[in-house]
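Colleague: Here's a structure for you.
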Amino acid sequence: MAVANGRKQIVILGGGSGGIVAATKLGRELGAEHDVTLIDRRSDHVFMPAFLFMMVGQRRPEDITRKLRRLERRNVRVLQAEILGIDPAKQQVVLDSTAVPYDYLIVSLGMQTAPELVPGFREGAHHAWEMEAALRLRSALELFNGGRVLVGVPLGPYRCPPAPYEAQWMLDSYFKERGIRDRVSIEFFTRDPEPAGEAHDPVVWMDAQSKKRNIKQHYEFVVKSIDPERKIVTGLYGYQLSYDLLFMIPPHRPAQALLDSGLADSETGVRVDYDTLATKWDNVYAIGDCADMPASKAGVVAHQEGDVVAHNLAVEITGRGDPVPLRLHTI
């Protein structure tokens, strides 16, 4: 798809952590000699790790959003449009009103929340994995004056695996600051087995931190359904937990455009080469939460992946420098 004058068209899908890093680096490295385009359905970048702080009133929406068009000063063209599909054979991205050709494509569309996968979730649970949901949870917490708070995770992958533990501890501090911690029972459920090992192992340490805060842990609890009327969460084998306020991470799935296009061929996203993040399609890369990688679906991972893919593409396009393999630095 390269044009006659040698200009390359690099298209980045998604304005989250990985997409922002990749676009910024490519815009800086390639300058005005090539075309870097970022496409997102939103006009703003939203810093999702701050949703938990917004939940407890420590951040406002305007504190955690920035206009994507600010990237234009970095030689990045920004298109706000709904991404309907990707056609690797034609090397184009299908939008709601047009199709955008590419020479190189970086897919950074994250994972989408799918509360409908758990019966009763929409009516019976709160979460903080989307902006509006976090604001609704904040309102519910402000009205909450005592009872049983359940924090839990779904079956399958979800964004930011450490966040459920952070949420427990932040709620513990929140209720202490309000002076009602003695009237609130906080409990946590997860599909994972009870951790075992050395005290410095991350999962063992997190378990100890929760118990030190008098937060009961329920392990190997796989959610089957939620009864919003009776306020009961039912797991496999009939095990049940009651609640007064339920904060549960919703199930996640790949973006619909990736499913419809066949790029995402598993519940964890697009299969990639672990060193290069290349997919089985020519000149198509996947980074961040939408990449099927043996790594946490977290912003710090997306950042590193975006940096490596952008660097390697700049090397390939300009012929300057050497490519580098991905070597993640995470817990």
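Colleague: Criterion first (without any contact (Cβ under 8 Å) to a residue 60 or more places away in the chain and either over 25 Å from ALA302 (Cα atoms) or of a type in the set (Gly, Ala, Ser) (or both)) does ARG191 satisfy it?
Modeller: Values: without any contact (Cβ under 8 Å) to a residue 60 or more places away in the chain: yes; either over 25 Å from ALA302 (Cα atoms) or of a type in the set (Gly, Ala, Ser) (or both): no.
Here the answer is no, as ARG191 does not meet what is asked.
Colleague: Also, quick follow-up: Give region 44-56 a look and list any residue that's surrounded by fewer than 20 Cβ atoms within 10 Å (Cβ to Cβ) and in contact with a Gly (Cβ under 9 Å, 6 or more places away or on another chain), or say none.
Modeller: Residues satisfying the conditions are ASP44, VAL46, PHE47, PRO49.
Colleague: Another one. Checking the conditions here, which among ARG73, ARG59, ARG66 is surrounded by fewer than 18 Cβ atoms within 10 Å (Cβ to Cβ) and touching a Phe, Trp or Tyr at 6+ places or on another chain (Cβ under 7 Å)?
Modeller: Values: ARG73 fails: touching a Phe, Trp or Tyr at 6+ places or on another chain (Cβ under 7 Å); ARG66 fails: touching a Phe, Trp or Tyr at 6+ places or on another chain (Cβ under 7 Å).
Unique residue meeting the criteria: ARG59.
Colleague: Do you know which residues across region 174-211 are within 22 Å of PHE53 (Cβ to Cβ), buried (at least 17 other Cβ atoms within 10 Å of the Cβ) and of a type in the set (A, V, I, L, M, F, W, C)?
Modeller: PHE175, VAL184, ILE186, PHE188, MET206
Colleague: Shifting gears a bit: Quick test of your reading of the structure: MET206 fulfils all but one of (1) under 20 Å from THR113 (Cβ atoms); (2) touching a helix residue (DSSP H, G or I) at 6+ places or on another chain (Cβ under 8 Å). Name the failing condition by number.
Modeller: (1)
Colleague: Further question: Of all the strands (runs of 3 or more DSSP E) wholly in region 226-331, which have at least 1 residues that are buried (at least 16 other Cβ atoms within 10 Å of the Cβ), of a type outside the set (A, V, I, L, M, F, W, C) and without any contact (Cβ under 8 Å) to a residue 40 or more places away in the chain? Give the derivation first.
Modeller: Numbers: elements: 232-235, 240-242, 245-248, 252-254, 284-286.
In region 226-331, the matching strands (runs of 3 or more DSSP E) lie at 232-235.
Colleague: Let me ask you something else. Right, ALA278: of a type in the set (A, V, I, L, M, F, W, C) and either within 26 Å of MET55 (Cα to Cα) or touching a helix residue (DSSP H, G or I) at 6+ places or on another chain (Cβ under 7 Å) (or both) or not?
Modeller: no
Every residue, every condition in (1) under 23 Å from GLU62 (Cα atoms); (2) surrounded by fewer than 17 Cβ atoms within 10 Å (Cβ to Cβ), yes or no:
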| position | (1), (2) |
| --- | --- |
| LEU117 | no, yes |
| ARG122 | no, yes |
| ALA140 | yes, yes |
| PHE144 | no, no |
| GLY147 | no, yes |
| ASP172 | no, no |
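Colleague: Let me ask something additional. Inside region 76-86, can you point out the residues that are surrounded by fewer than 16 Cβ atoms within 10 Å (Cβ to Cβ) and either touching a helix residue (DSSP H, G or I) at 6+ places or on another chain (Cβ under 7 Å) or not assigned by TED's automatic domain parsing to the domain that holds HIS45 (or both)?
Modeller: Selection gives LEU84 alone.
Colleague: I'm trying to understand the selection: among the residues of region 233-252, which are aliphatic (A, V, I, L, M) and more than 16 Å from HIS127 (Cα to Cα)? Quick ask: steps written out before the conclusion?
Modeller: First pass over region 233-252, keeping only residues aliphatic (A, V, I, L, M): 233, 236, 241, 245-246, 248-249.
LEU236, LEU241, listed by residue number.
Colleague: Only one of (1) farther than 21 Å from PHE121 by Cα; (2) part of a loop (DSSP other than H, G, I, E, B) is not met by GLN209, so which one is it?
Modeller: Evaluating GLN209 over (1) farther than 21 Å from PHE121 by Cα; (2) part of a loop (DSSP other than H, G, I, E, B) leaves (2) as the failure.
The values are calculated or read from the model by the stated rules, or taken from the named source; none is laboratory data. Predicted, not measured: the structure shown is a model, and the values here were computed from it. FYI the Cβ positions are ideal-geometry reconstructions off the backbone, even for glycines, and counts take in every protein chain you see.
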